[in-house]
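The values are calculated or read from the model by the stated rules, or taken from the named source; none is laboratory data. Keep in mind it's a predicted model, so treat the numbers as computed, not measured. Cβ sites come from the backbone with ideal geometry, for glycine too, and all protein chains shown count toward neighbours. The protein model used for the area step is the full one, side chains on, heavy atoms only, and it has no ligands, DNA or RNA in it. Shrake-Rupley method; radii C 1.70, N 1.55, O 1.52, S 1.80 Å.
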Amino acid sequence: MAGKAEERKQQLIKAAFEAATDKGYEHVTLQDIADYAEVSKGVPNYYFKNKGDVFAHLFEWLTQRIFENERAAMDQVETAPEKLEAYLGQVFISPEENRTFYQLYLDFLARVKQDPAYQEINAQFYEHCFSIGREIVELGAQEGVFDVEDVEQSAVMIRAIIDGSLLQWLMRQDESLHDWYRKSCHEAILKLLGA
């Protein structure tokens, strides 16, 4: 029975993702989530406390999935420069996926201040990001390809460069610049790391 309940929750979470992609967080209702999941309107209330709870589960699922994909890509290669490139390949996955994620994530961030559950999810997401950065920096230092004094600062700044690059790309509303921002982000990180 627990398997069926988990399946239904995942169905509702994915429906919330589709609804928010189409309408934006602010305009999505529990009825919309039920409609997108093709279930009766009471079903979301059975599995979740409210819309905020649905979206907390959505962002937890989404950020965990992103981390797992980034980790899997990095595990396919050996050296620090290869791991950095694999990581950036997953971060700059495609114009469509990046636009969808960052538009939803900006909506999510607007609510972080008011919701402790959202704060925890956001903190976990960034800890995952920083752990990837730490791994790349430490390995690169061991290999002698990166020259950094402060591993933690470098790990944090790697993510700052990534987010800044993707947000600027998003604001420019020109999909053709996606690859340029990926390459520029990569070059800026290599400079940061003294490569």
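Side notes on the structure shown:
- Cα extents of the chain along the three principal axes, largest first (Å): 59, 39, 31
- Under a 5 Å amide H cut-off, with hydrogens placed 1.01 Å from N, residue 195 pairs with 147 among residues at least 5 apart or on other chains.
- Over the range 1-117, relative contact order from alpha-carbon pairs under 8 Å, at least 6 apart, %: 23
- Cα centre as origin, Lys/Arg/Asp/Glu Cβ charges: the range 45-195 dipole, Debye: 620
- Per-atom-type breakdown for the chain gives carbon and sulfur 50% of the accessible area (1.4 Å probe, protein chains only).
- In terms of packing, defined here as the mean over residues of other Cβ atoms within 10 angstrom, the peptides 104-112, 142-150 line up highest first as 104-112, 142-150.
- Accessible area per residue for the chain is 54 Å², calculated with a 1.4 Å probe on protein heavy atoms, without ligands, DNA or RNA.
- Rough spin-label spacing in nm, given labels placed 7 Å along Cα→Cβ, for residue 153 and residue 27: 4.5
- Distance (nanometres) between label positions extended 7 Å along Cα→Cβ at residue 40 and residue 5: 1.9
- Reachable lysines from residue 183, criterion Cα separation under 28 angstrom, eight or more residues apart if same chain: 83, 191
- Counting only lysines at least 8 places from residue 41 when in the same chain, those with an alpha carbon closer than 20 Å to its own are 4, 9, 14, 23, 49, 51.
- Solvent-free Debye scattering, log10 I(q)/I(0), computed from the Cα coordinates of the range 1-99 at q = 0.13, 0.15, 0.21, 0.22 Å⁻¹: -0.56, -0.68, -0.99, -1.04
- Structural descriptor for the chain: relative contact order 18 percent, calculated from alpha carbon pairs under 8 angstrom and at least 6 residues apart.
- Over the range 86-153, the reciprocal of the mean inverse Cα-Cα separation, the Kirkwood hydrodynamic radius, stands at 14.1 Å.
- Alpha carbon Rg of the range 59-117, scaled by the compact-globule rule 2.2 N^0.38 Å: 1.32
- From helices alone, the chain scores -26500 deg cm²/dmol at 222 nm; the rule is -39500 (n - 2.57) for each run of n ≥ 4 DSSP H residues, then divide by the residue total.
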